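The values are calculated or read from the model by the stated rules, or taken from the named source; none is laboratory data. Predicted model, so just to flag it, every value in this text is computed and none were measured. Here the Cβ is made from the backbone with ideal geometry for all residues, glycine too, and neighbour counts use every protein chain on show.
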Amino acid sequence: MQILHSSEHPVRDDLLSPNALKVLHRLNQSGFEAYLVGGCIRDIFLGKIPKDFDVATSATPEQIKGLFRNCRIIGRRFKLAHIMFGREIIEVATFRGPHQSSPENSGTAKQDGHGQLTRDNVYGTLEQDAARRDFTFNAMYYSTADKTIRDFAYGVEAIEDKVIEIIGDPETRFREDPVRMLRAVRFAAKLDMEIEEPCAEQIKKLGYLLENIPPARLFEEVLKLLFSGQGYATYQQLIEYGLFERLFPQTAPLVQIPDSRENRFIEQVIKNTDNRINNGQRVTPAFLYAALLWYPIEEFSQKLIFESNLSPLDAFNIATSEVLQRQLERVMIPKRFSITMREIWSFQNRLSKRYGRRAYQMLAHPKFRAAYDFLLLRGEIEGGELYELADWWTEFQEVDGDKRKTMLEELRKSAGASKNPRRRRKPRNKKSNSKPSQNP
């Protein structure tokens, strides 16, 4: 461990959350050790503005709750205290100890057959907590009492060398918590760093362990991966290390060829998402998830039409439900997003049926804009009739009411001209006072 004094590091109280400082001061005044730790310290060293502030302390979750009325305890695998100041949440964790019980630590730990920690409420000392951190640059602890940083794993050197190093044996640490593999590639993309070779080898080897992670937890991790503003770089890392197929097994086979329409479409959607996030615009996971599963739905739908002789609409509806259900087994998607996804998908067929009042009805639909944006991106990638359809809707939105009527009229005439004209029935030779034949 090395101790950095205030003149040797860039962390200053005015760079920190006032609420985080309140938490630290109250814990210290109550006789507990307390430090800011992890990403907020790392980000300041990198010249970034920290967003989240995590505290590590010698106080147990119950003791923390006794000091803060605005505190709630969460977590099963490892209990955490969330201290809420309006929208800001300061996460406070008790120092972790080694898994094996000893007189120096207390609590319970449990591992499954793969070495994954399923319960981890083992408390220990500051030094033991540092050994339990995942990456070296996350084992730096800042004390407001003396303005020093305790760097237990030479994290400052890792930042300077731009390398991601895991603390301890990579295989053991990834088996304890496979999500650490996702964190490694996320940090590599976010911080523009390289993953050290022993760590990289184990990620490629142990990616299958992600299948043991609960789908609900993976949903939160995917949000961090693809909605950080560096989603495209992260996507490339996920492909490189074989982790994308563990998250989206139905999509992965379709994006193996970089120039395929499927891969280009997903890349463009992710790039657009990055741009919106970095420009402070609103994004929704529903749109990106709809893009990630669109081509598996289209492929499965075509298969059903060919093998089961179903109508295109029936095949599409069955494919939508089946593909979505399979994905939910790997990564949970809340209903508030999956409902929007279904609407975006169904609109892709409906947008081609734009005659008469249908065009106005679709234009007024709350999900029209998302569906149109989806169609527009598909048209840019696939071209042809799809591009022309998207271009028509682009113009239809921009023109006034009279021009819209003209566009619909031209569309109706064009559709009528493209059909084979019906043969006129020859008129019957009518005879006066004749009665229709009763014969069949």
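Every listed requirement among (1) crowded, with 17+ Cβ neighbours inside 10 Å; (2) touching a residue at least 60 places away in the same chain (Cβ under 8 Å) is met by Glu88 save one, (1). For region 362-398, a residue qualifies if it is more than 13 Å from Ile344 (Cβ to Cβ), of a type in the set (A, V, I, L, M, F, W, C) and surrounded by 13 or more Cβ atoms within 10 Å (Cβ to Cβ), and the qualifying residues are Leu363, Ile381, Leu386, Leu389, Ala390, Trp392, Trp393, Phe396. Restricting the first member to region 30-42 and to residues that are closer than 15 Å to Ala130 by Cβ, and the second to residues that are among the acidic types (Asp, Glu) and outside any loop (DSSP other than H, G, I, E, B), the beta-carbon pairs closer than 6 Å and six or more apart or on different chains are Val37/Asp54; Gly38/Asp54. Residue-level check: of (1) in contact with a helix residue (DSSP H, G or I) (Cβ under 8 Å, 6 or more places away or on another chain); (2) of a type outside the set (Ser, Thr, Tyr); (3) part of a helix (DSSP H, G or I), Phe219 misses just (1).
Could you list, in sequence order, all residues of region 25-47 that are part of a helix (DSSP H, G or I) and either surrounded by fewer than 18 Cβ atoms within 10 Å (Cβ to Cβ) or within 32 Å of the chain's Cα centre (by Cα) (or both)?
Taking region 25-47 first, the residues part of a helix (DSSP H, G or I) are 25-29, 39-45.
Listed by number, the residues that qualify are His25, Arg26, Asn28, Gln29, Gly39, Cys40, Ile41, Arg42, Asp43, Ile44, Phe45.
Of the residues contained in region 231-241, one or more are found to be of a type in the set (Asp, Glu), at pLDDT 95 or above and either in a loop (DSSP other than H, G, I, E, B) or surrounded by fewer than 17 Cβ atoms within 10 Å (Cβ to Cβ) (or both). Within region 207-233, the set of residues being farther than 19 Å from Leu328 by Cα and among the basic types (Lys, Arg) is empty. Of the listed requirements (1) touching a residue at least 24 places away in the same chain (Cβ under 8 Å); (2) assigned to a strand (DSSP E or B), Arg76 misses just one: (2). Here region 48-72 is the region considered, the condition is being in a loop (DSSP other than H, G, I, E, B), touching a helix residue (DSSP H, G or I) at 6+ places or on another chain (Cβ under 9 Å) and touching a residue at least 40 places away in the same chain (Cβ under 8 Å), and the residue that is nearest to Met140 (Cα to Cα) is Ser58. Check Lys303 against each of (1) over 22 Å from Ser321 (Cα atoms); (2) surrounded by fewer than 20 Cβ atoms within 10 Å (Cβ to Cβ); (3) over 19 Å from the mean Cα position of the chain (by Cα) and name the one condition it does not meet. Result: Lys303 passes all but (1).
Looking across region 133-168, just one residue is modelled with pLDDT under 95, of a type in the set (Asp, Glu) and either surrounded by fewer than 21 Cβ atoms within 10 Å (Cβ to Cβ) or more than 30 Å from Phe244 (Cβ to Cβ) (or both), and that is Asp146. Scanning region 245-276 for residues that are without any contact (Cβ under 8 Å) to a residue 60 or more places away in the chain, aliphatic (A, V, I, L, M) and over 14 Å from Glu380 (Cβ atoms) yields Ala252, Leu254, Val255, Ile257, Ile270. Scanning region 337-364 for residues that are over 18 Å from Ala290 (Cα atoms) and not in a helix (DSSP H, G or I) returns Ser352, Lys353, Arg354, Tyr355, Gly356, Ala364. Applying a threshold of 6 Å to beta carbon distances and a minimum spacing of six or more residues, or different chains, the list of pairs starting in region 198-227 at a residue that is within 14 Å of Pro249 (Cα to Cα) and at pLDDT 95 or above and ending at one that is part of a helix (DSSP H, G or I) and not hydrophobic (A, V, I, L, M, F, W, C) reads Gly207/Arg246; Leu210/Arg246.
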